[in-house]
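Written below as structure tokens is the structure these notes are about.
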């Protein structure tokens, strides 16, 4: 790939890297400005931050885009022209998007916008934008992507991980994909052949350590393997396959973090084999992302704990044998009053269930009909005097009031999996869009040869590749002690990208894309859940990402006694 | 409303107008550059245009945004702070968006980007962006919109139009809204009480002249009345009410344009009363937006015309008594070989039908299951030796080969109606989002008081108001001979805005927004059809809008023998 000023790909790469560094300086300045305005004695004040929600939101997105661009420009080089092209196109589109966001933030904070103008319209930045993001360049990349869809967003996986992914790819292709449309259209429950297949392949043991009956060996391959399996299954069906592993992961982490030895010994091997299917009940009807205000009560009696209250959006609660329930056991308000219970119940098929205990308590469930993400069903749950033995309080006495922290242990993995789910859905939509435009003729020429089609495919491919590559890169960082905030970043980026990619894939299909018989219509409605659940994007942006940015900025400034970068 | 440099609203308005003029100069230069590069002897060449599809697409969007912004800054002033604020916020966001698009176009065409930089970072432009689009300003407008949703996007309607809208508002509220969720969720056919109510209110006569039994009096109120009724009904249900008037409009225009006196006399009064329900069959399985390549054959026999072939996406074909079918009667390729037939058939309920003629021919239909836009059902149709009497060829002998032109006569109204449908869906989603955020508390404070919520509501309100106001403004222009391309512009803008507004309304609802029981989930899937049908956005952008811009630029240049603006 030659550029218009004669420099080869490596010189171009160096120039893009430099542009990203220049963008970062402007970004850091905005982060620092808000951190200072919203802190007292180097501590953030929520009341002050509330006046900068919109800017914090922009900065979180800017940070996610920047991280993705940075990784693409510093990650492994495949030597493939398509790959290199998509990397750099994405990076310069991200740089532009970040500058637009910063322009808003600078205006909000009252900072001088001139440095943004100087960078945005510098000769260096403008020529990169022209070389890498002009329509004819995107069209060329789009045409390459259409010719070789298998080369889009490739990541070099460890041979062990690649082997696992291959196995699940066959399973997804042979068992899941043929059923996916019917499960969605008829709102069926995940069929047993999918569950038994996953059990026999050890899918449920991926996040459980070897000494507890799982296959996680503590190596840096554990998380990438989970992502690889999740995206492969999500490519075939988000609701009936790709999302089956999120719940065991969250519960396993909570047990590993806080469970007694007996609890771990009893439950983990059963979860790993799939003998015990599980669900997680956190959200309540009046408290979505606001865990500190949960109200479901657990009351101690001589027979054990009595649970009373409601939960909602408890996915897979019907089929599950075991539900991890976050309940308020202590009188303290906020996080400190919460504990975790292992609620076992019979497995039910269908959309409603009622389980009555001999002691007189009961638990009822009703699947909430949703526009997509069907198969596992998400339930409203009602607990009434539901008795849970003492032995089922995670961590026993020591676990009282620790429920929030044990739950959080699994959230990082849950968010990474959600990014992988988004990657799988995007891959499916992109693959179908490419197949469709190759097949279809419009105004006398193949749709695939229209410049606008090629540009759209290029943008979709770049988004998919960026999100996927960042997810794997972060999974490696997290395996070696990286900042868990990165999981929120990847989740944010990948889920919105999935909305964009599925929307455009549908648009490229024309009317057919709106028909339920066309798989891309399912991907579109499935993708829509991703930015809502497992941490709504507003919550991640405001409560996790921007907060973490401000805190880093303040502590760096504090450490050096002078302004510095986050 | 005071601005930071002390000038009042009228001075601010004058400055925004000036900014828009400055943007227009940059826009016109790009249009002219592509028009020149893609023409020979002042005539556009398709083969040359194909290399600028992406830029043409950007210019079409830029044009739509600019028209909306221009109208908001030159339309009637309500004197209301919310209204004025949303107008100016939209205008400056649009100005920014247009500059970003132009930056891409200039890069593509090889134009010097410096004029864009000079404008974008001029003191004047930057202070307007800060005064009008900064988060705290948007939050203020958002809070006002939350307090007074009834004031968002208000248009001064002629008293006659307002009276009609009031009547339909009550009907929509009392008859349509209570059934809307069930019709969608159970994929029911539009129920008879909705149809009979609309008949008795004269809805089907809105686009039919008084002398043919309708209520259109040829005044400039005809089109606004149609929009008002359409948006009001779409607010309650897109699929079961708001879309019922599009088909009669298209057929009535075709008949008025080309029908024989006998055809007009027979059909128009029956259509106006609703005694005859109708459908339009244009699209074929292999030809979406590409009308010139339609293949359904009509073959002349002594008994009449025999129709053979397939149509798809024929909405309401089941219930309809009369289908307008575009068929190839002539040997000429392209538009010239097409004619229109009035195919009458029995009305069927349900999702499938088969009509056998005594002569041995038949017409079968199957409703295509779709993710939204349910109620009327869109059908695949198969004609086999289906006999249509000579008298049912629109225009009789004179109509042979004129089918395309007669169809086009109704497209302008169809696109305007589609913009109104988008406005109705947006209004419903925005209203529900506002009600929800007022009701819901998150992290201890009402969701409505969060800055990010207010900013999002402001953006949604501004998009809705801009699209709605532009639609009405264009409807007045069209009534007095405006350029029909404007209908495509409004359709493009309003339909994409509806996707954005419904998406964000859903996001503000959190998990509930994904539940089928929450109306906003229906608005989201309904909105998705709007950018696909009645002229897909790519087709409108490339084949109608940008083409028209280039042609105007060339003819203006030709007229003055020097470069000028479109």
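Laboratory data are not the source of any read-out in this text; all were calculated from the coordinates shown. Since this is a predicted model, take the numbers as computed values, not measurements. Counting neighbours? That spans all protein chains shown, and the Cβs are built from the backbone with ideal geometry, glycine included.
Summary of values
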| item | result |
| --- | --- |
| Inter-copy spacing of residue B:480 label points, which lie 7 Å from Cα along Cα→Cβ, given in nm from shortest upward | 7.1 |
| Label spacing, shortest first and in nm, from residue A:182 to its equivalents in the remaining copies (7 angstrom along Cα→Cβ) | 3.0 |
| Order of A:215, B:475 under a 10 Å beta carbon neighbour criterion, fewest first | A:215, B:475 |
| Residue-averaged [θ]222 nm for chain A, counting only DSSP H segments that reach four residues, each worth -39500 (n - 2.57) | -18000 deg cm²/dmol |
| Label geometry 7 Å along the beta-carbon vector: residue A:48 inter-copy distances in nm | 6.0 |
| Distance (nanometres) between label positions extended 7 Å along Cα→Cβ at residue A:359 and residue A:182 | 4.2 nm |
| For region B:462-566, average projected area of the Cα convex hull in nm² | 8.2 nm² |
| Where Rh is the Kirkwood radius over Cα pairs, Rg/Rh for the protein assembly as shown | 0.97 |
| Using alpha-carbon coordinates, inclination of helix A:177-186 to the longest axis of chain A, degrees | 70 degrees |
| Kirkwood Rh (inverse of mean 1/r, distinct Cα pairs), region A:222-376, angstrom | 16.7 Å |
| Using a Förster distance of 56 Å, the FRET efficiency for residue A:408-residue A:449 (Cβ separation, nearest 0.05) | 0.65 |
| Cα→Cβ-extended label distance, 7 Å offset, between residue B:46 and residue A:385, nm | 7.8 nm |
| Antiparallel bridge percentage (DSSP; both residues within chain B; nearest 5) | 85 percent |
| Computed lengthening from residue A:77 to residue A:36, 0.36 nm per intervening residue step minus Cα-Cα distance | 10.9 nm |
| Exposure proxy ranking, count of Cβ atoms within 10 Å, fewest first, for A:47, A:89 | A:47, A:89 |
| Computed E for residue B:559/residue B:483 - FRET, C-beta separation, R0 25 angstrom, nearest 0.05 | 0.90 |
| Label-point gap, in nm, between residue B:290 and residue A:344 - each point 7 angstrom along Cα→Cβ | 6.3 nm |
| R0 of 30 Å, Cβ-Cβ distance residue A:332-residue A:211: FRET efficiency to nearest 0.05 | 0.30 |
| Value of D in µm² per second that Stokes-Einstein yields for region A:436-499, Kirkwood Rh from Cα pairs, at 10 °C (1.306 mPa s) | 116 µm²/s |
| Estimated Rh, region A:135-196: Kirkwood, alpha-carbon pairs, angstrom | 14.7 Å |
| Cα gyration tensor of chain A - equivalent ellipsoid semi-axes, whole Å, descending | 41, 30, 20 |
| Stokes-Einstein D in µm²/s, Kirkwood radius over Cα pairs - region B:304-360 at 20 °C with 1.002 mPa s viscosity | 165 µm²/s |
| Ascending count of other beta-carbon atoms within 10 Å, so fewest first, for A:238, A:20 | A:20, A:238 |
